[in-house]
Amino acid sequence: MSFIIRRLVFYLIAAWVALTANFFIPRAMPGNAVQDIMSKFPSLQPSAYRALEAMLGIGHPGSLWHQYVSYLNDVVHLNFGLDVTEYPAKVSTLLGQTIPWTLTLVGTATVIAFLLGTGLGIVAGWRHGGWTDRLLPGLMFLQAIPYFFLALVLLDLLAVNLHWFPIGQGYGQGLIPGWDWTFISSAIYHSLLPALTIVLTSVAGWMLQMRNVMITTIGEDYVLAAQAKGLSSRRVVFTYAARNALLPQLQGFGLALGFVVSGALVMEIVFSYPGIGELLLTAVTSNDFPLMQAIFLVITFTVLLANLVVDMIIVVADPRARAREGAR
Amino acid sequence: MTLAVPVTVDPTAPAARPQQLGRWRRLPLKAKVGAVLLGFFVLAAIIGPLVTPYNPSFQNPAPALSMHAPDGAHLLGTTQTGQDVLSQLLVGIRLTLELAFVVGVIATALSVLVGVTAAFLGGFWDELLSLLSNVFLVIPALPLLILLLGYLPQKGQLATILVLSVLGWPWGARVIRAQTLAIRNRDYIAASRETGESSWRIITYEIVPNEISLIAANFVNTVLYAIGASVALAFIGLADLNSWSLGTILYWAQSQQALQLGAWWWFAPPGLAVALIGTSLVLLNTGIDELGNPRLRDAGVDLRLGGRRIRPTDPTPVMNAAPPRRGPVAAFLHSFSRSSLLGEGGLGEGGLGDESGTSR
């Protein structure tokens, strides 16, 4: 069985676990979600009780197995039910409005941070013992800052006090989303500060990790041999050491992705960015369970997909992964 | 890196007390700074709530005390409703550290349980447990935490601890499983099995004590995770909002528009406290890591042997000088380092799933 297929099966299992957890959590938890919602919205008539139950998938007719199958069927058809807060808006519509924002912002910023951090890590690892090492405590501090706190500080300094950036929101007030230049430039302008936050907090992690892998790689015999051959430092660093150090770095990228995305979601709340994070906050504050569940699934699937892409890159980049493919 | 130098006895064996100081001095600077910083916050958590100048929940009705900037009476200013930020901070540090510590203990225990069981049983159970930990590693934690906590009727400290512990074990389980696999095949384990010791006894007396260093490092990481996650959860309102933790202070600051009103003293201290506690834990872990892997050290702690400066990346020097001896304290801390364990070729069976000694 080839490496990619084995990974694919793994991600399918992970997706199934997430789906199943999502199905059983509302049923296994103590308390009554329907009652919660009813007390939160006094305007709801008692007759809405059954409708809410049906929406949350609690009062489904039929056996548990039957419910499970119909639930899976709904998810496959992207039918996440109706939203409570903006009843009768479909949850999938709400998701469709917010996903592009988050995907563009968090995706771009994370890739930039990864590339930048890896590049800096290569330098820091090679020039190990030099001036770059003095930055280490500062980097660890950056790494330990919660995303949303850095967002608060940057917003305070650069937007509220210096007026360099807009205070939150995804685009200028009064603009209608569309593919015209005024809107796009406004959206880019508004995304700069959130993107900077993501880059600043996550770049340190990538850099420290790459630095440590680089230092280990530089100690390998083949690097010494390359140096002994009289190759230029640049060639030794990039074609010998960095290329090999990149593989563990890539694997780390896949594993850390969920963490980065989680942090970015909370950060969006600070900026009132019209992405999934903001939607998640609305869902939490209004006990909007169908929305919470759908967001959980969407984020999980996105992260799984990104991991699969990383695995594919690894297969291309690492001959050992391909060799193992042949061996099995 | 090992130095190929003959061990010579230190001619000037110092007296007991200076030697104690010497051991402390030999620790990497990072570990020292981390330990001091963490100690400071632990102290604040212990004494803090006893010496708060005000009741953190007391809302001073005086209009002059709403959003008051720091001064003599209120060292960190007041909130919108006239509550004293310093008092909230002192109580909040305790609550947050308490939670993180308990989660650290429970989640680490779970990691040990799952990791050792998987490695020891092998076969089907190993595959199943490993698959489970890998699955939970790849599923993003925060949305799942939100979902779990959202459905719980009470969102207090206990609920948060429970939920964080339930999701906090996979990383540790994976590392501990790999280490157990390595230890399991050592001769002394085979010997104790030959002498007829039960599996249970082998696990509790032979295997787990040998992993105590790894378990401790894992504990530090879990505490770090618990602090980050609990603060983030409280920040979006999934906590008991009537109690004061670092996260709930930030929640109130955000929801009462502290930022827009320029009340930096409201959101900066709790955020800085979270960042500094996190930094101290990262420093502690890296500093300890460096004890075991000198290559990772920075320029400030270059070795000096026989008056010559030895850079960690230099070829192994050959000269007649005593290598720095590790005192019991340093040796104990050294045993904490993950890289020293990795260096023994213990972790993993090699392959794509394994990290090469890096931690995030």
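Can B:Asn242 be described as in contact (Cβ under 8 Å) with a residue 24 or more places away in the chain, outside any loop (DSSP other than H, G, I, E, B) and surrounded by fewer than 20 Cβ atoms within 10 Å (Cβ to Cβ)? Working first, answer last.
On the way: in contact (Cβ under 8 Å) with a residue 24 or more places away in the chain: yes; outside any loop (DSSP other than H, G, I, E, B): no; surrounded by fewer than 20 Cβ atoms within 10 Å (Cβ to Cβ): yes.
Spelling it out, it is not the case that B:Asn242 is in contact (Cβ under 8 Å) with a residue 24 or more places away in the chain, outside any loop (DSSP other than H, G, I, E, B) and surrounded by fewer than 20 Cβ atoms within 10 Å (Cβ to Cβ).
Got at least one residue in segment B:169-184 being under 27 Å from A:Leu280 (Cβ atoms) and without any contact (Cβ under 8 Å) to a residue 60 or more places away in the chain?
For segment B:169-184, residues under 27 Å from A:Leu280 (Cβ atoms) and without any contact (Cβ under 8 Å) to a residue 60 or more places away in the chain: present.
Picking from A:Arg27, A:Arg6, which residue would you name as being modelled with pLDDT of 70 or more, within 14 Å of chain B (Cβ to nearest Cβ) and out of contact with any Leu (no Cβ under 9 Å at 6 or more places or on another chain)? Reasoning before the result, please.
On the way: A:Arg27 fails: out of contact with any Leu (no Cβ under 9 Å at 6 or more places or on another chain).
None of the others qualify; the one that does is A:Arg6.
For the list (1) part of a helix (DSSP H, G or I); (2) touching a residue at least 40 places away in the same chain (Cβ under 8 Å); (3) facing chain A (nearest Cβ under 10 Å), I need the number of the one condition that B:Thr248 fails.
Exception for B:Thr248: condition (3).
Against the definition (within 14 Å of chain A (Cβ to nearest Cβ), in contact with a Gly (Cβ under 7 Å, 6 or more places away or on another chain) and either polar (S, T, N, Q) or touching a residue at least 60 places away in the same chain (Cβ under 8 Å) (or both)), how does B:Ala258 come out, yes or no?
So B:Ala258 fails the test.
Among B:Leu99, B:Leu145, B:Leu113, B:Leu129, which is the only one that is within 25 Å of A:Val298 (Cα to Cα) and assigned to a helix (DSSP H, G or I)? It would help to see each step written out before you state the result.
Details: B:Leu99 fails: within 25 Å of A:Val298 (Cα to Cα); B:Leu113 fails: within 25 Å of A:Val298 (Cα to Cα); B:Leu129 fails: within 25 Å of A:Val298 (Cα to Cα).
Step by step, each of B:Leu99, B:Leu145, B:Leu113, B:Leu129 is checked, and only B:Leu145 is within 25 Å of A:Val298 (Cα to Cα) and assigned to a helix (DSSP H, G or I).
Would you mind stating whether A:Thr201 is at negative phi, in contact with a helix residue (DSSP H, G or I) (Cβ under 7 Å, 6 or more places away or on another chain), more than 9 Å from chain B (Cβ to nearest Cβ) and at pLDDT below 85? Steps first, answer last, please.
Details: at negative phi: yes; in contact with a helix residue (DSSP H, G or I) (Cβ under 7 Å, 6 or more places away or on another chain): yes; more than 9 Å from chain B (Cβ to nearest Cβ): yes; at pLDDT below 85: yes.
Yes, satisfied.
Just the residues that are more than 21 Å from the chain's Cα centre (by Cα) and either outside any helix (DSSP H, G or I) or surrounded by 22 or more Cβ atoms within 10 Å (Cβ to Cβ) (or both), please, taken from segment B:152-179.
Within segment B:152-179, B:Leu152, B:Pro153, B:Gln154, B:Lys155, B:Gly156 qualify.
Which of the residues that make up segment A:264-287 are assigned to a helix (DSSP H, G or I), more than 10 Å from chain B (Cβ to nearest Cβ) and farther than 22 Å from B:Ala226 by Cα?
A:Phe271, A:Glu278, A:Leu279, A:Thr282, listed by residue number.
Go through (1) closer than 24 Å to B:Ala141 by Cα; (2) among the hydrophobic types (A, V, I, L, M, F, W, C); (3) modelled with pLDDT under 75; (4) surrounded by 15 or more Cβ atoms within 10 Å (Cβ to Cβ) one by one and return the number of the condition A:Met55 breaks.
(1)
Test B:Arg184 against the criterion of being surrounded by fewer than 23 Cβ atoms within 10 Å (Cβ to Cβ), farther than 30 Å from A:Ala294 by Cβ, basic (Lys, Arg) and more than 12 Å from every other protein chain (Cβ to nearest Cβ), and give yes or no. Let's see the steps before the verdict.
Numbers: surrounded by fewer than 23 Cβ atoms within 10 Å (Cβ to Cβ): yes; farther than 30 Å from A:Ala294 by Cβ: yes; basic (Lys, Arg): yes; more than 12 Å from every other protein chain (Cβ to nearest Cβ): yes.
Judged against the criteria, B:Arg184 is a match.
Among the residues in segment A:244-263, are any more than 14 Å from chain B (Cβ to nearest Cβ) and either part of a helix (DSSP H, G or I) or modelled with pLDDT under 85 (or both)? Lay out the reasoning, then the answer.
So in segment A:244-263, the residues more than 14 Å from chain B (Cβ to nearest Cβ) come out as none.
No, segment A:244-263 contains no residue that is more than 14 Å from chain B (Cβ to nearest Cβ) and either part of a helix (DSSP H, G or I) or modelled with pLDDT under 85 (or both).
Give the residues of segment B:269-291 that are at the interface with another protein chain (Cβ under 7 Å from one of its Cβ atoms) and either outside any helix (DSSP H, G or I) or aliphatic (A, V, I, L, M) (or both), sorted by residue number.
Matches in segment B:269-291: B:Val274, B:Ala275, B:Val282, B:Leu283.
Can you say whether B:Leu144 is closer than 28 Å to B:Leu241 by Cβ and at the interface with chain A (Cβ under 10 Å from one of its Cβ atoms), as far as the supplied structure shows? Before you say what the answer is, go through the steps one by one.
On the way: closer than 28 Å to B:Leu241 by Cβ: yes; at the interface with chain A (Cβ under 10 Å from one of its Cβ atoms): yes.
So B:Leu144 fits the description; yes.
Please specify each residue of segment B:214-227 satisfying the condition of being within 12 Å of B:Leu99 (Cα to Cα) and buried (at least 24 other Cβ atoms within 10 Å of the Cβ). Even if it seems obvious, please write down each step before you answer.
Quick first cut of segment B:214-227, residues within 12 Å of B:Leu99 (Cα to Cα) only: B:222-227.
Selection gives B:Thr222, B:Val223, B:Ala226, B:Ile227.
Determine, yes or no, whether B:Ser255 is crowded, with 24+ Cβ neighbours inside 10 Å, of a type outside the set (A, V, I, L, M, F, W, C) and either more than 14 Å from B:Thr78 (Cα to Cα) or touching a helix residue (DSSP H, G or I) at 6+ places or on another chain (Cβ under 8 Å) (or both).
Working: crowded, with 24+ Cβ neighbours inside 10 Å: no; of a type outside the set (A, V, I, L, M, F, W, C): yes; either more than 14 Å from B:Thr78 (Cα to Cα) or touching a helix residue (DSSP H, G or I) at 6+ places or on another chain (Cβ under 8 Å) (or both): yes.
Judged against the criteria, B:Ser255 is not a match.
For segment A:198-216, state whether one or more residues are surrounded by fewer than 17 Cβ atoms within 10 Å (Cβ to Cβ) and of a type outside the set (Phe, Trp, Tyr). First the steps, then the outcome.
So the first thing to find is which residues in segment A:198-216 are surrounded by fewer than 17 Cβ atoms within 10 Å (Cβ to Cβ), and the list is none.
Checked segment A:198-216: no residue is surrounded by fewer than 17 Cβ atoms within 10 Å (Cβ to Cβ) and of a type outside the set (Phe, Trp, Tyr).
Is there a residue in segment A:122-143 that is away from chain B (no Cβ under 12 Å), buried (at least 20 other Cβ atoms within 10 Å of the Cβ) and touching a residue at least 12 places away in the same chain (Cβ under 8 Å)? So that I can check it myself, show each step before the final result.
Our first condition is that a residue be away from chain B (no Cβ under 12 Å); within segment A:122-143, this holds for A:122-123.
Then keep just the ones that are buried (at least 20 other Cβ atoms within 10 Å of the Cβ); that gives A:122.
Remaining after also requiring touching a residue at least 12 places away in the same chain (Cβ under 8 Å): A:122.
Yes.
When you go through A:Leu155, A:Leu103 one by one, which is the residue that is modelled with pLDDT under 85, surrounded by 20 or more Cβ atoms within 10 Å (Cβ to Cβ) and in a helix (DSSP H, G or I)?
On the way: A:Leu103 fails: surrounded by 20 or more Cβ atoms within 10 Å (Cβ to Cβ).
After applying the criteria, what remains is A:Leu155.
What is the number of the single condition among (1) closer than 30 Å to B:Ser243 by Cβ; (2) in contact (Cβ under 8 Å) with a residue 12 or more places away in the chain that B:Leu152 does not meet?
That leaves (2) as the condition not met.
The values are calculated or read from the model by the stated rules, or taken from the named source; none is laboratory data. Note that the coordinates shown come from a computational prediction; the quantities given were computed from them, not determined experimentally. Backbone-built Cβ (ideal geometry, glycine too); neighbour counts: all protein chains shown.
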